[in-house]
Amino acid sequence: MCGILGQINVNWPGTSLPQLSRLSHRGPDGEGEWTNGNGNVYLGHTRLAILDPTLAGRQPMSDASQRFMLTFNGEIYNHLDLRPMMPSVRWRGTSDTETLIELFAHKGLEALPLLKGMFAFAIYDDTDHSVLLVRDRLGIKPLWFRSQEKTFSFASEVRALLRPDESVPDRQALSEYLGFGRMPGNGEIFNGMHAISPGGWTRLSGNGHIEKGCWWNGRLTSPKVQGRIECVQQVNQLVTTAIKEHLISDVGVGAFLSGGIDSSIVALVAGKELGKKLKTFTVGFPQGDYDERLIARRVADRAGSEHCELEIGEDACLSWVKEAVLCLDLPSVDAINTFIVSKAVRNTGLKVALSGLGGDELFGGYPSFKNVPWLNWLGALPINISRQLVNIMPQNLKDKFGGLTGFTTSELTVSRRRFTSVASLRGMGLGDGVPAIPKAPMDLDTMGKISWAEMQGYMIPMLLRDSDQMSMAVGLEIRVPFLDHRLVEGVLGFPQKYKKGRGVKPLLVDAFRADLPREVYDRPKQGFSLPMADWIHGPLAEFTSNGVTAAADLLGLSEPLRQRDLFKAGILHWTRVWNWSVLGHWLSKQKTVNEN
């Protein structure tokens, strides 16, 4: 896991080089820089050494022929299995970076479908002076790209690409943030700045021509199953294989263990493989709503892991909340918990941790899987009638679905997560903030479509982005085995009749029922939550208010102040005022950086 940075100048001589130091937190174990012979192509890399931590794994790295140069962020879990495909290569080390560059030298774009992992990388071709940018299938690893005035640049984080005169995002990006608490997954963030699409590639030719393509679109590979029992067996096999493959590492591996279904399965499978070499972590919050440590301890006993219970006191937690906000590459309303857990685990010296992220999206862990099918009738009506019906719904539903241009399953699923209405955004002089998500694969049933929409409209632009920026802020690599592409492609296509049932995520639970303690699944779905409302009224009041005031001042809006007053009066949920506060602190930080 690392940070990558690059710049290509079509008109020589080039402009000043980008600042690799802006990504130093992503790679505390080393830095590398490379410039081509003409001086117009720059590649940079900051390293968190996981596979082959020796100098043989250092980047940027060339292939044996010296034609290609690579800067790479991520992990290729099957890289050792790919090496026999290249019997003529004399390997210099054991890193997945070397496997990747040699595989690309042999196969070009045909190498991409062979890769299992999470990755974002750039490859320079010295024969035609082109640069190819690639992002993994599900956007687990970030990659931002910018084109301006014959200068093309890319980076793992937005902050590395910002110009000194930039601090306020694009109008539509700002609208989407206020509507959903996170910046867009697709579309401009700043002038000319976009994310490379998950499963996509972008090639910059030597003369400045930009070509884009898609190498993965969620195609389904579900094995044919004869009944639910066989489906359960297939899920067990897919999940088990994915978790085992995610354990490859030359440093210690741990797992977040919350006591929930997903993290428990990850710990149990990994524990069978590693035993005491696996470290599991449960973070305790005395100030939280409930304590999950007892259940997590029972799971750890079954897993045979070396279990650690990390208790964070209120003073430390409050300090880390503020630190998290100031570490954000892009503002997000929902990144704090990830930062706190990541920091606590990283403080033990661990570099790699497995997460259960993705289980809810695949196996129906969200309320949308029950609510959206009930709302699907809106999409069967003429659009004008659907809009009239939305206008007479309760205000909370009207705020979510008002302003929609359509009522498909995907649109309804994404809009359920809206908490600032289109009407309110327009009243502030902003755009509608309606996210654009890729079209779902063909032949998905309703539950599959909801899974796709939750992944594309929530998981990728918020959960995965938060996971990356908050873990990398403290030098921790988070791996997400539930997002193994074969698992995703398989489960998406399984008939929904096999996924439904009593309780939470019944198909996944049945696949591992023999391993899971009963108390893990035989209870309502829970998740740890900090007492943010009490803190914003109390010890975080000044910090929150300062952020809200900054947002109002820097954007020239009165709405942040009005919503702060409504929260103080007990009328508004804490997430609304916190959303403004995070944005204000982020804008203030960008302005301060630019002024310096």
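The values are calculated or read from the model by the stated rules, or taken from the named source; none is laboratory data. Since the model is a prediction, treat every value here as computed from it, not as a measurement. We place every Cβ from the backbone using ideal geometry, glycine too, and count neighbours over all the protein chains shown. Areas reflect the complete protein model, heavy atoms only, side chains present, ligands, DNA and RNA absent. Shrake-Rupley method; radii C 1.70, N 1.55, O 1.52, S 1.80 Å.
A few points about this structure:
- Here the 3J(HN,Hα) profile of the range 154-165, calculated from phi with Karplus coefficients 6.51, -1.76 and 1.60 at θ = phi - 60°, is 8, 6, 6, 9, 5, 4, 6, 10, 6, 7, x, 9 Hz, Gly and Pro shown as x.
- Overall dimensions of the range 31-83 by Cα: Rg and Dmax, Å: 12.3, 37
- Where Asp126, Asp165, Asp360 fall by accessible area, highest first, once all protein chains stay in place (1.4 Å): Asp165, Asp126, Asp360
- For the peptides 394-406, 438-450, the ranking by mean Cβ contacts within 10 Å, running from highest to lowest, is 438-450, 394-406.
- FRET efficiency for Ser24 and Trp215, using Cβ-Cβ distance with R0 set to 30 Å, rounded to 0.05: 0.45
- Pairs of alpha carbons in the range 1-65 whose separation is greater than 18 Å (percent): 40
- Among beta bridges identified by DSSP and lying wholly in the chain, the antiparallel ones come to about 75 percent.
- Efficiency of FRET between Leu557 and Trp377 - r from beta-carbon atoms, R0 41 angstrom, step 0.05: 0.65
- The length gained on full extension between Arg163 and Thr592, counted as 0.36 nm times the residue separation minus their Cα-Cα distance, comes to 153.2 nm.
- Summed side-chain charge close to Gly206 - residues other than Gly206 whose Cβ falls under 13 Å, Lys, Arg +1, Asp, Glu -1: -2
- Expressed as a whole percent, the proportion of Cα-Cα pairs in the chain lying more than 45 Å apart is 14%.
- Using C-alpha pairs under 8 Å with a sequence gap of at least 6, the mean separation divided by the residue count of the chain gives a relative contact order of 15 percent.
- Between the range 371-405 and the range 153-232, the Cα center-to-center distance that results, in Å: 28
- A Förster radius of 51 Å combined with the Cβ-Cβ distance from Arg502 to Asp128 puts the calculated FRET efficiency at roughly 0.30.
- In a DSSP loop and with at most 16 other Cβ atoms within 10 Å, the trypsin sites (Lys or Arg not before Pro) in the range 1-90 are Arg67, Arg90.
- Distance cut-off 17 Å, percentage of C-alpha pairs in the range 243-344 lying past it: 55
- Value of D in µm² per second that Stokes-Einstein yields for the range 1-130, Kirkwood Rh from Cα pairs, at 4 °C (1.567 mPa s): 86
- Potential lengthening between Ala64 and Thr241 on full extension [0.36 nm per residue; Cα-Cα distance subtracted]: 60.5 nm
- Length gained when the stretch Thr35-Lys322 is fully extended (0.36 nm per residue, less Cα-Cα span): 99.5 nm
- Highest mean packing first, where packing is the average number of other Cβ atoms within 10 Å per residue, the peptides 565-572, 410-417 line up as 410-417, 565-572.
- Taking the helices alone, the chain has a mean residue ellipticity at 222 nm of -11000 deg cm²/dmol, built from -39,500 (n - 2.57) per DSSP H run of at least 4 residues and averaged over all its residues.
- Using a probe of 1.4 Å on the protein chains alone, the accessible area found for Lys244 is around 90 Å².
- Sites listed here are GluC sites (Glu not before Pro) in the range 84-153 whose DSSP assignment is loop and whose Cβ has at most 16 other Cβ atoms within 10 Å: Glu149.
- Lys277 versus Asn391: modelled label distance in nm, points set 7 Å from Cα along the beta carbon direction: 6.5
- Accessible surface ranking that places the most exposed of His307, His573, His485 first, with a 1.4 angstrom probe: His573, His307, His485
- Spin-label model, Asn546/Ala423: points 7 Å from Cα along the beta carbon direction are separated by 3.7 nm.
- The chain: DSSP helices with Cα axial extent of at least 20 Å and average Kyte-Doolittle hydropathy no lower than -0.5: 228-245, 541-555
- Accessible surface of the chain, 1.4 Å probe, proportion on carbon and sulfur as whole %: 50
- Taken per residue, the accessible surface of the chain reaches 39 Å², heavy atoms only and a 1.4 Å probe.
- Computed P(r) (all Cα pairs; the range 134-243; 5 Å bins; percent): 2, 10, 15, 17, 15, 11, 8, 8, 7, 4, 2, 1, 0
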